[in-house]
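The values are calculated or read from the model by the stated rules, or taken from the named source; none is laboratory data. Because the structure is a prediction, the values reported are computed rather than measured. Quick reminder, even Gly has a Cβ in these numbers, built from the backbone with ideal geometry, and neighbours come from all protein chains shown. Accessible surface is based on the protein model in full, side chains and every heavy atom, while ligands, DNA and RNA are left aside. Shrake-Rupley method; radii C 1.70, N 1.55, O 1.52, S 1.80 Å.
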Amino acid sequence: MTPRRFALIGTGSRAQMYLGALAETHADAGRLVAWADPNPGRLDWSQQEHPQLGSPRRFDVADLADVVREEQIDAVVVTSPDHTHARHVVTALEAGADAIVEKPLTIDEQGVRDIAEAAERTGRKVTITFNYRYSPRNAELRRIIASGEIGDVTSVHFEWVLDTAHGADYFRRWHREKDSSGGLLIHKSSHHFDLVNWWIADVPTRVFASGGLRFYGAENARRRGLGERAPRGSVDDPRTDAFSLDLRADEKLKGLYFDQEEHDGYQRDRDVFDEGITIEDNLALIVDYARGATMTYSLNAHSPWEGYTVAVNGTKGRAELTVVERGSVLVDEDGRTVVDPSARPDLVSADAERPASERLVVQTHFAPAREVPIPQGEGGHGGGDQVLLDDVFRGPGEDPLGLTADWTDGVRSVVVGIAGNRSLATELPVRISDLDLGTATNALGSPVNPR
Ligand SMILES: NC(=O)c1ccc[n+]([C@@H]2O[C@H](COP(=O)([O-])OP(=O)(O)OC[C@H]3O[C@@H](n4cnc5c(N)ncnc54)[C@H](O)[C@@H]3O)[C@@H](O)[C@H]2O)c1
């Protein structure tokens, strides 16, 4: 098999999974021919981290189209910040390559329109890597619903909590600006909205959202009397605490970000109680779906533990998936969050009351509940990452669950966040059919008016 020719754009932390695959596990299927990042230090670091990649051509982000043509690139992997996805995807498609894009597909209506037009005009393939689909527990829930065991879906109740380590991280860097990430309804929840679309095989039609910035940010800090704080975490300053991330304490964070600040000034460790944060940290939504189901959804970004609960009600019964990803956030002797808890087994006992766990229970009417076993594979996300990378680099094999996703799935998930953001601004429910999506409207299936 001749390896396909890849380019990659944006060599931050997410890119490392793709680079690792091209360097090692999937080197027979793909070759990294060219890569770009506005920060040359992150390219240097990535090259050192993956020496098997050799010396791919470095190019200026603005020259993507020329590079695709000159190097006969088959596919461009887009792992840059969310607000840049649409531009890079469209450029790649128009220059004659396929695109593999991280979630979210894009952050706004313009991005949706541009990607839909380019995909339809060029006929090129856009793969969106919704890795949560590949977690065996999520796939198992899909299997249960598709089997008809709980009947037709009537409603979904979905709560996701992000803890003060992971959740806080979105308030330290570009994610904290709505213009860069679309806020958590786009950046984070697009994963969750895709899962629901996929689990219940339906499309959203109307969204009502409520929420706000109630924990992070300067105003909340003032209200709670938190006092003066260090402007960033990687400093020897007594005003740091469990919300301060010290990049110097982790080899990867130091190499990828702290050591590269001189090139672009990107600080990945800014104080979460800063001025200027424009995204929400508490969100609640009601979403209607075309075939009649309703979802109640909530996201919290400052929980003491991390995980999710989803309950799907159907005409014949109910399925419940409960997941604890991290039972508690640990702090060291200096009062700072421990970046890598596996390096501090002495602190792990704090997790004992709420160990990492997953439980899928199905119950039909007039019958006892039964727990559904969740298969486990090797590697990240219960073996899901490996299957995702196989799909991306070798092409999907048998896919009875429909794990692979394209730009139309990206649209169906991101429109919930786009409508949600409009609803937050207007305080009114928003019909998806009222969004200006251009030809992407077709991707939503036949327009169905909400009940
Ligand atoms: N699927 C998942 O679970 C998952 C997890 C993390 C991140 N992501 C996604 O991956 C993407 C990257 O996230 P990250 O955490 O690696 O961010 P990051 O900030 O670590 O990396 C982004 C990289 O893009 C570069 N960049 C900045 N502006 C650019 C531009 N205009 N064009 C090209 N490159 C540019 C930056 O220098 C940086 O190296 C985001 O879209 C994010 O949503 C997905």
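Proximity of backbone amide H atoms, modeled 1.01 Å from N, is registered between ARG4 and GLY30, ARG31 at under 5 Å, excluding neighbours fewer than 5 places apart on the same chain. For the chain, which longest stretch is free of loop sites, where a loop site is one of the GluC sites (Glu not before Pro) that DSSP puts outside H, G, I, E and B and that has at most 11 other Cβ atoms within 10 Å? That would be 1-227. Ellipticity at 222 nm from helices only: DSSP H runs of n ≥ 4 in the chain, each -39500 (n - 2.57), divided by the residue count, give -8000 deg cm²/dmol.
Using a probe of 1.4 angstrom and keeping all protein chains present, the accessible surface of the chain works out to 42 square angstrom per residue. Remark on ARG291: its backbone amide H falls under 5 Å from those of VAL203, a criterion applied only to residues 5 or more positions apart or on other chains, H modelled at 1.01 Å from N.
Applying the criteria of a DSSP loop state and at most 15 other Cβ atoms within 10 Å to the trypsin sites (Lys or Arg not before Pro) of the stretch 183-218 yields ARG214.
Placing unit charges on each Cβ (+1 for Lys and Arg, -1 for Asp and Glu) gives the stretch 1-126 a dipole about its Cα centre, and among ALA116, VAL90, ALA15 the Cα reaching farthest toward its positive end belongs to ALA15.
Loop-located trypsin sites (Lys or Arg not before Pro) across the stretch 224-257 with a Cβ neighbour count of 13 or fewer within 10 Å are ARG224, ARG239, with loop assigned by DSSP.
Across the stretch 82-97, rounded Karplus estimates of 3J(HN,Hα) from the backbone phi angles (6.51 cos²θ - 1.76 cosθ + 1.60, θ = phi - 60°) give 3, 5, 9, 4, 4, 4, 5, 5, 4, 4, 4, 5, 5, 7, x, 10 Hz, Gly and Pro being marked x. When both the stretch 34-66 and the stretch 191-219 are represented by their alpha-carbon centers, they are found 35 Å apart. A simple charge model with +1 on the Cβ of Lys and Arg, -1 on the Cβ of Asp and Glu and nothing else charged puts the dipole of the chain at about 1180 debye relative to its Cα centre. Our coupling estimate for the stretch 140-150, obtained by passing each phi through the Karplus curve with A = 6.51, B = -1.76, C = 1.60 and θ = phi - 60°, is 5, 5, 4, 4, 4, 5, 5, 6, x, 4, 9 Hz, Gly and Pro reported as x. Relative to its Kirkwood radius, the Cα radius of gyration of the stretch 260-336 gives an Rg/Rh of 1.13. For the chain, the fraction of 1.4 Å probe accessible surface lying on carbon and sulfur atoms is 49 percent.
Computed with a 1.4 Å probe on the full set of protein chains, the accessible area for ILE145 sits at about 20 Å². A dipole drawn for the stretch 135-261 from +1 and -1 charges on Cβ atoms has a positive end, and of GLY183, LEU141, LEU247 the residue lying farthest that way is GLY183.
For the chain, the Kirkwood estimate of hydrodynamic radius, built from reciprocal distances between every pair of different alpha carbons, is 23.0 Å. Taking 16 Å as the straight-line reach from the Cα of LYS125, the lysines in range (excluding those fewer than 8 positions away in the same chain) are LYS103. In a reduced charge model with +1 at each Lys and Arg Cβ and -1 at each Asp and Glu Cβ, the stretch 4-128 shows a dipole moment near 220 debye about its Cα centre.
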